[in-house]
Each structure stands twice: as C-alpha cells, then as structure tokens.
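Here the structure comes first, spelled out in structure tokens, and everything after it is commentary.
The values are calculated or read from the model by the stated rules, or taken from the named source; none is laboratory data. Computed from a prediction, not measured in an experiment: that's the story for all the values here. Because the Cβ atoms are built from the backbone with ideal geometry, glycine has one as well, and the counts that use them run over all protein chains shown.
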Amino acid sequence: MSDPIKHECGIALLRLLKPLEYYKEKYGTAFYGVNKMYLMMEKQHNRGQDGAGLASIKLNMEPGERYISRVRSAQPQPIQDIFSQINQRINNTMALDPKTHEDVAYQKQHVPYIGELFLGHVRYGTFGKNSIESVHPFLRQNNWMHRNLIVAGNFNMTNVKELFGNLVELGQHPKEMADTVTVMEKIGHFLDDAVAKLYKKVKKEGYSKREASPHIAERLDVAKILRKAAKNWDGGYAMGGLLGHGDAFLLRDPSGIRPAYYYMDDEVVVVASERPAIQTVFNVKYEDVRELTPGNAIIIKKNGKVTTEEILPALERKACSFERIYFSRGSDKEIYQERKMLGKLVFPEILRSIEDDLTNTVFSYIPNTAETSFFGMVKEAQNYLNKKKEEQILALGPNITREELHKIIDVRPRIEKVAIKDAKLRTFITQDSSRDDLVTHVYDITYGSVGKEDNLVIIDDSIVRGTTLKKSILRMLDRLSPKKIVVVSSAPQIRYPDCYGIDMAKLEDFIAFRAAVELHKEQNTLSILEKIYNKCVAQAEKATNQSENFVKELYEAFTPEEISKKIAELLSPQDIGTKVEIIYQTIENLHVACPDNPGDWYFTGDYPTPGGNRVVNKAFMNFYEGKNERAY
C-alpha cells in the first residue's frame with residue numbers, strides 16, 4: 001500500500017494438553033511451547049511491529065513457586081527482543097547446573113516460561129503511545145491464584161467512557177481511561193465476584209480455605225463471567241485471557257469484525273488472528289483450522305476440557321473486508337484468491353480508461369502488497385486478449401498464414417516492474433521542503449520500461465490519504481513520460497473512519513473526503529457542512545443506540561466517478577506533465593470478491609454497531625471545529 005495504515009494487533013494463544021515430559025520425549029525439548037509461540041508471533045508480525053509481549057502460566061505449582069511470567073518490549077524489533085530476553089533468562093538458569101538440562105521437572109520448577117499456557121501479542125501504537133505500559137498482555141495481579149488475570153486482544157471499543165463510568169459505579173477506581181484497562185477491569189470485577197461466591201459455597205460444604213482452591217478452579221464458569229463483562233461492549237474485538245490457575249479463553253465480537261481462528265488436537269489448542277500462522281507453525285491442513293463463530297468464546301479449562309460457547313448473540317456478520325484486502329497475510333488460501341479476484345473485477349474499468357488499447361499499455365503495481373491483485377488484473381487482461389485472438393483467427397478462416405497467426409497470438413499484456421520501493425530510505429529531515437524532496441525518492445522507477453506512446457496502469461491495494469502518491473509515486477512515474485497514468489485501487493474509496501482496530505481516525509485524512517468537500521466548494525453548496533455539523537451536535541446528547549451517520553449526506557450529491565475524478569486532480573502535482581486518472585473498485589465488486597467478509601463501513605458508512613455512528617459524527621465535529629484529535 002502506498003499510504004501504509006496500521007492495524008492495532010495480532011494475538012496467539014497456546015495451551016499444551018500433555019505433560020511437558022511428553023514434548024521432551026516426542027520433540028526433543030520441554031521448550032516446545034516457547035518455540036511455537038515465537039513462530040506464531042513472527043508469522044503475524046505484519047499485524048504489529050511497535051510492541052510485543054508474551055505471558056506464560058505453569059500449572060500445578062506449589063505456593064511460593066513462580067507460576068506466572070510476562071515479558072514485553074517496545075524496542076524497534078520487539079518480537080526478537082522479548083525472545084532474546086527469554087532465552088537469556090533460560091540460559092542463565094540452566095547454566096547454574098548442567099545436570100538439569102534433561103530434567104524436565106527441574107526446568108518447570110525453576111526456569112521461567114517453561115509452562116503449559118501461553119498468550120502472545122503484537123501491536124501497533126495507533127494512539128501515539130508506544131511506551132512499555134501500552135504493550136499487551138496486561139496483568140491484573142492477586143494473591144488468590146484464581147483472581148490473577150492476563151488479557152491481550154485485537155480490539156477497539158467505541159464506548160470507553162461509558163464502560164469507564166460503569167466501573168466507577170461499581171465502586172472501582174480505574175487507573176486509566178483506556179479500553180484495554182477498562183475491559184480487563186470489567187472482566188476482573190466479575191471474576192472476583194464469581195470467586196467470592198464460589199468460596200462461600202465451597203466453605204458451606206465443609207472445605208477448609210486451602211481445600212477450597214481446587215474446587216473453585218474446577219467450578220469457575222468462565223462463560224458466565226464473560227457474558228456479564230461483555231454485556232455493554234461496543235466495538236470489534238478478539239479478546240484473549242488467562243486465569244492464574246490455568247483456565248484460558250478467547251472471545252470474538254458478535255459481528256465478527258475482528259478475526260480469530262483455532263486448531264486443536266490431543267496435544268495442543270491454539271488460537272490466532274490469522275489462519276496461515278496456525279497452518280504453518282503446526283503443519284496442519286487449511287480445513288483443520290476453524291474460524292471462531294462471532295459472539296462465541298473458545299474456553300479451555302485447567303483440566304484440558306475445550307468448549308466453544310455463545311457469549312453474546314451473533315449479529316449480522318460484518319467481518320472486516322480490509323483484512324482480506326490488505327492486513328492479513330496473503331498466504332491464506334482464500335485471501336490469495338480474493339485479492340486476485342479484486343484485480344480481475346476492476347479490469348473492465350481499466351479497459352475503458354485505456355480505450356481498449358492493450359498494445360500500448362504497460363501494467364505494473366505498487367510494491368509489495370498489491371502484487372496479488374496485480375496477478376488477477378493481468379490474468380483478466382490475458383483472458384480478454386485470448387477472446388480477441390480467437391475472434392481474429394476465426395475471422396481469417398482456414399487460409400490464415402503462419403505470419404498472420406503469429407501476429408495475432410504473439411500479442412500479450414505488457415508487464416513491467418516499474419516502481420521499486422527503497423525500503424532503506426528514511427525521511428529523517430523534518431523541514432517540510434527538504435523532507436518532501438526525500439519523500440519523492442521513497443520509490444525508484446525502472447527507466448526505459450515505458451514509452452511515450454504508452455498508457456501506464458499501476459495498481460495499489462487502496463488509496464487512503466494519497467500523500468505518497470502525490471509526493472512520490474506520481475512524480476517518479478511522470479519521469480517515464482507515458483501518454484497517461486492510470487492508478488487503480490483494488491479497494492473502493494475510503495470515506496469514513498474506522499473505530500474497530502484500524503488506524504483510520506480522522507475524516508480530513510481521507511482524500512475521498514477532501515475531494516467531496518472540494519466539489520461542494522465548486523458547486524457553491526458548502527453550506528451542507530454546517531447542516532451536517534448541526535445534526536451531529538444535536539445527536540451527540542442522545543443515547544448511542546439512537547445514533548445515525550449524518551456524514552453520508554456529504555457524498556450524496558456526487559457519483560463515485562465524480563469523486564474519483566476530483567481525487568485525481570487533487571493528487572496530481574502541479575508540475576506533472578502526464579494526465580492522471582484514478583479508478584476505484586466498486587462496492588458491489590468488493591462483495592463479489594470477498595463474500596464472507598462483508599464489513600465495509602469505511603467505504604459505505606454502514607457501521608456494524610451504534611458506536612460507529614457516534615464516532616463518525618464526532619470525527620466530523622472535530623473536522624468542522626478544527627480540532628486535530630481522534631474521535632475515539
């Protein structure tokens with residue numbers, strides 16, 4: 001993507017179902033769980049490179065023995081950093097007595113992170129906070145084993161203030177109004193309540209305080225705790241948690257906005273944000289990895305019993321389509337095909353733009369994530385040419401000469417790697433004029449790949465802000481002096497902020513929004529801004545569930561094609577010599593390509609939860625009032 005946007009995080013939860021001695025005997029090491037967690041997190045590093053954390057729990061430890069370990073990092077390479085720290089601690093402990101290298105019981109008792117239960121997390125610092133305090137997993141400590149809670153998730157809540165107020169009403173004093181802290185304390189409150197009630201019940205049955213502990217662990221109803229805690233949550237989430245005694249869970253939001261997949265056999269239960277991570281790390285088939293049903297939680301009890309239970313009733317499925325377009329790794333079987341389909345479906349508009357002139361058209365892509373949609377686009381171009389060739393050959397009949405035949409069949413789509421991203425270049429100068437000059441050179445071009453008589457078609461995953469296009473890519477492509485530059489977005493126009501885990505928070509950041517405002521200026525209808533603002537202000541006092549998206553009204557006067565044309569004008573540098581056209585995917589074709597991920601609120605404004613409407617209206621109010629701040 002030319003304008004990178006950040007995804008908040010990815011998660012990995014692993015429970016070993018056998019004693020550690022089993023993994024030592026079968027796989028040669030009791031560190032099997034740690035090794036698998038490293039791979040699970042590395043295979044999801046695309047989901048977050050600002051911070052990483054890992055927590056582990058050892059089962060059945062004696063009082064006084066450490067059973068919870070956690071490490072977090074906000075260093076430049078956080079995954080490598082945390083596992084470097086883990087390895088150092090393991091090596092330091094093992095070096096004390098070489099005789100213990102084969103002693104699994106000793107390792108479990110004395111070596112940190114050698115346990116049966118793990119929760120890992122990778123994140124992007126989307127709120128500008130990238131201190132160690134913001135890195136998951138979060139830990140809520142207590143001397144009662146059952147009340148220790150570790151939480152990590154891929155989520156964003158739209159109603160944090162409301163949830164914070166609920167905690168205050170319960171008598172709590174949260175240390176911070178952040179969704180992670182708020183969610184953890186909400187779960188923690190009902191966990192404390194459940195443990196206290198079970199303790200009273202077990203005590204009445206005649207058990208001593210010490211004897212009560214295993215009975216509490218056995219009877220603790222994790223699903224019931226989650227139902228109470230999640231009752232008023234509004235957002236997209238895949239929320240993982242570990243309880244100190246050894247229960248674990250992962251809960252997915254009822255609209256299925258954020259992804260979650262799981263696999264289980266007689267050795268492991270594993271849950272992750274992406275299917276290929278599980279497939280690769282555990283060498284299992286695509287069909288063996290299941291998608292967690294929206295509104296459900298997978299719950300793993302300390303005794304190894306695994307269930308999936310409904311926590312909240314499933315709503316209309318709104319799984320995030322941006323996962324398919326950009327965020328998730330393209331090695332997923334379905335995602336790979338869907339991205340190719342996105343490239344295929346946009347081809348007819350490309351053909352119209354170049355006036356069917358494939359002979360004088362060069363196809364390329366913005367490195368590197370648009371490569372798969374590029375394959376789909378080029379394959380469709382080849383299919384189109386094959387049909388034309390067939391028609392031409394049939395028209396010439398049986399008397400066609402070899403020369404005539406080759407003249408027809410030798411025509412192929414012209415493919416070049418025109419843009420090359422210079423990954424090592426850093427725009428370290430902060431002065432705007434100097435920095436802009438450096439930004440121009442983030443991409444290199446392949447000179448001689450395009451002629452003056454050629455159209456240049458270059459596909460991107462999506463066009464969000466358009467900053468890199470204007471300051472770098474279009475300037476560089478113009479140096480090739482093509483007849484026309486056609487920039488193709490495999491995604492539709494991004495018009496609205498996301499509030500469920502993607503860092504797209506401000507309306508004025510979107511080139512589609514700026515284009516719509518500019519069109520209203522030209523048509524002397526800018527008064528619509530005030531009308532929308534007044535509606536947003538009036539609704540701000542109402543309950544969240546009564547909210548509607550008034551920002552949609554900004555776009556109603558224009559067709560997508562009119563907005564695309566204005567976007568091309570806004571993104572074309574003043575000194576560029578080549579005509580630029582921008583083509584976006586249609587909403588209809590998006591849903592054809594990605595049928596199981598219909599979440600499209602950033603394109604359509606159709607938010608899956610009431611909190612989304614409140615957020616978009618707040619974002620518009622911030623824009624109108626000139627406030628440079630997030631709406632959630």
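Within the option set LYS531, LYS579, being basic (Lys, Arg) and touching a helix residue (DSSP H, G or I) at 6+ places or on another chain (Cβ under 8 Å) holds for one residue only, LYS531.
Pairing each residue of the range 96-115 that is in contact (Cβ under 8 Å) with a residue 12 or more places away in the chain and not assigned by TED's automatic domain parsing to the domain that holds GLU65 with any residue that is among the hydroxyl-bearing types (Ser, Thr, Tyr) and exposed (fewer than 12 other Cβ atoms within 10 Å of the Cβ), provided the two are 6+ apart or on different chains, yields no C-beta distance under 9 Å. Of note, LEU351 satisfies the criterion of being surrounded by fewer than 18 Cβ atoms within 10 Å (Cβ to Cβ), more than 23 Å from the chain's Cα centre (by Cα), touching a residue at least 12 places away in the same chain (Cβ under 8 Å) and at negative phi. Taken over the range 378-421, the criterion of being of a type in the set (Asp, Glu), within 22 Å of SER449 (Cα to Cα) and either surrounded by fewer than 16 Cβ atoms within 10 Å (Cβ to Cβ) or touching a strand residue (DSSP E or B) at 6+ places or on another chain (Cβ under 7 Å) (or both) is satisfied by ASP410, GLU416. In this entry, VAL517 is excluded by the filter for residues that are among the aliphatic types (A, V, I, L, M) and either touching a residue at least 60 places away in the same chain (Cβ under 8 Å) or crowded, with 24+ Cβ neighbours inside 10 Å (or both).
Being under 22 Å from the mean Cα position of the chain (by Cα), in a helix (DSSP H, G or I) and buried (at least 19 other Cβ atoms within 10 Å of the Cβ) narrows it down to one residue among PRO254, PRO294, PRO259, PRO276; which is it?
The match here is PRO276.
Out of the residues in the range 309-325 that are surrounded by fewer than 22 Cβ atoms within 10 Å (Cβ to Cβ) and not aliphatic (A, V, I, L, M), state the one that is farthest from HIS45 (Cα to Cα). Per the stated criteria, the residue is PRO313.
For GLU338, indicate whether it is within 20 Å of the chain's Cα centre (by Cα) and not assigned by TED's automatic domain parsing to the domain that holds GLN49. Yes; evaluated as a whole, the condition is true for this residue.
From the list TYR500, TYR533, TYR496, the lone residue that is touching a residue at least 60 places away in the same chain (Cβ under 8 Å), in a helix (DSSP H, G or I) and assigned by TED's automatic domain parsing to the domain that holds LYS344 is TYR533.
Whether any residue in the range 77-92 is within 21 Å of VAL269 (Cβ to Cβ) and touching a Gly at 6+ places or on another chain (Cβ under 8 Å) is what I want to check. Within the range 77-92, not a single residue is within 21 Å of VAL269 (Cβ to Cβ) and touching a Gly at 6+ places or on another chain (Cβ under 8 Å).
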